[in-house]
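Presented below is the structure to which this report refers.
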Amino acid sequence: MAETTQHGQSGILSLDDSINRRTHGAFGHLLTKQTFWVFVASVLAFLYLTWASDAFFTGNNLFNVARNCAFVGIIALGMTAVIITGGIDLSVGSILALTGMVGGMMMSWDYTIWVALSAAIGAALLCGFVNGVLIAYVGMPAFVVTLGMMSIARSLAMVLSGNQMVYQFGVDHDKLVGIGGGSTAGWFRTFAEAAGPETSLGAFFTTLSELIIIPNPAIILAVLALVFGFTFRWTRWGRHIFAIGGNEHAATLTGVPVRQIKVSVYMLSALMAGIAGILLVGWLGTITTGMGAGIELVVIAAVVIGGANLAGGSGTAFGAVVGAVLIEMIRNSLTLLGVNPFWQGTFIGSFIIIAVLFDRIRAFQQSR
């Protein structure tokens, strides 16, 4: 069956995984996983940067790193599902911009935040639906379809705003800014006020607001990563996407609804881009048509570095998050260490090539 090529990610252990576990044990099996080594690299990078720069291990900088990697990580979760099926989505950056523009413009026209954000998410899902239908039912290449949607969504965002920046979001301006730019400190202060600042419970929440300051996007990323991790491993839908990526023809013969699943993964990818777009607008407090430009390459890099195979059939939610964290730490460190920011693209591109090369070497060794 197709699941036997999934390297254990679909919840059904592959033959290679079973052999590795019996031969080398659980720890030896772990050492063969790219995600594990990327995690180790992230820890080592964190320790090195803490030693090399006095500005890295500070509250403000770690807050910024957590927030910035959350935007990439959220989109990377959706991209992981697409790449597992053997596809690609180049339109996520433009969908991010379009979603933010739809929500922000509607709020600037004095629609409530819930109506505006519902319309924004609807726009993202529509883009993903069009991508999925053209790819799954019409049979067009994913690269071509999502490249076209990248241009269409960005153009629609420009048309909607008249290519102007938007700074005011109507009556619910503070709510939108609070969603994307807020943190646990704000939540704890709210709980403290509700409990009464003079009470012991109020004092407890006040203390927490000073000790635990995590940006809202990072919290949302953590929740979504848990949901995706469970879905990939333990649900029928998760098993199906791995089956499609491993061998689409075999998946079709075994009764997997390939077309419907493909549409769902592109809609999911667009949804994650839309959520990231809303959070990004809330953090920035403004909308520009250039928002999210080029982020699709960073997202793909995070997913591949985290252990996903561009040919399909493998990938994890944890790997996507770890890849996003590693990339953001490197980007942050380049700035702190005074390296020209133009080198960022070189580092990210090199990581993609190295990650794919590592996967090819591993596949070659397993085939011998």
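Points worth noting:
- Full extension of the chain segment joining ILE353 with PHE143 gains 73.7 nm, where the gain is 0.36 nm per residue of separation less the Cα-Cα distance.
- Region 239-368: C-alpha gyration tensor shape, a/c 1.5 cut-off, then a/b vs b/c: oblate
- Amide H partners (placed H, <5 Å) of LYS33, local residues excluded: none
- Once the Cβ-Cβ distance of ILE212 and TRP114 is raised to the sixth power relative to R0 = 35 Å, the FRET efficiency obtained is 0.80.
- Compared with the dominant Cα axis of the chain, that is its longest principal axis, helix 295-305 is turned about 50°.
- Diffusion coefficient of region 211-255 by Stokes-Einstein, Kirkwood radius over Cα pairs, 10 °C, 1.306 mPa s: 127 µm²/s.
- Here's how it looks for SER183: its modeled amide H is under 5 Å from those of ASN216, which are all 5 or more places away or on a different chain.
- Computed [θ] at 222 nm, helices only, for the chain once each DSSP H run of length n ≥ 4 contributes -39500 (n - 2.57): -25000 deg cm²/dmol
- Within the listed set GLY202, GLY78, GLY87, the Gaussian network model of the chain (springs between alpha-carbon atoms below 10 Å) gives the highest mean-square fluctuation for GLY202.
- Radius ratio Rg over Rh of the chain, counting only Cα atoms, Kirkwood formula for Rh: 0.99
- Alpha-carbon gyration tensor eigenvalues x 5, square-rooted, for region 179-275, Å: 44, 13, 9
- Here the simple spin-label model places points 7 Å from the Cα toward Cβ, and for ALA203 and SER151 these points are separated by 6.5 nm.
- Inter-label distance, nm, simple model (7 Å from Cα along the C-beta direction), THR190/PHE230: 2.3 nm
- Computed 3J(HN,Hα) for region 49-54, one whole-Hz value per residue from the Karplus formula 6.51 cos²θ - 1.76 cosθ + 1.60 where θ = phi - 60°, is 5, 4, 6, 7, 9, 5, glycine and proline marked x.
- Model label sites at VAL339 and THR50, defined 7 Å from Cα along the beta-carbon direction, differ in position by 2.0 nm.
- Using a Gaussian network model of the chain in which every pair of alpha carbons under 10 angstrom is joined by a spring, one finds that among VAL256, VAL92, VAL227 the greatest mean-square fluctuation is at VAL227.
- What the Cα convex hull of region 56-131 gives, in volume per residue, is 120 Å³.
- Fewest-first ranking of SER314, SER269, using other Cβ atoms within 10 Å as the exposure measure: SER314, SER269
- For MET150, net neighbour charge (Lys/Arg +1, Asp/Glu -1) across residues whose Cβ lies under 10 Å away: -1
- Folded to 0 to 90 degrees: helix 236-246 orientation relative to the chain principal axis, Cα: 60 degrees
- GNM remark for the chain: springs join alpha carbons under 10 Å apart, and the peak mean-square fluctuation among LEU279, LEU117, LEU134 falls on LEU134.
- Under 5 Å, built H, 5+ apart or other chain: amide partners of VAL166: ILE287
All of the numbers you see were taken from the coordinates with simple rules; none came from a lab. Please read all numbers here as calculations on a predicted model, not as lab measurements. Virtual Cβ from ideal backbone geometry, glycine too; neighbours counted across all protein chains shown.
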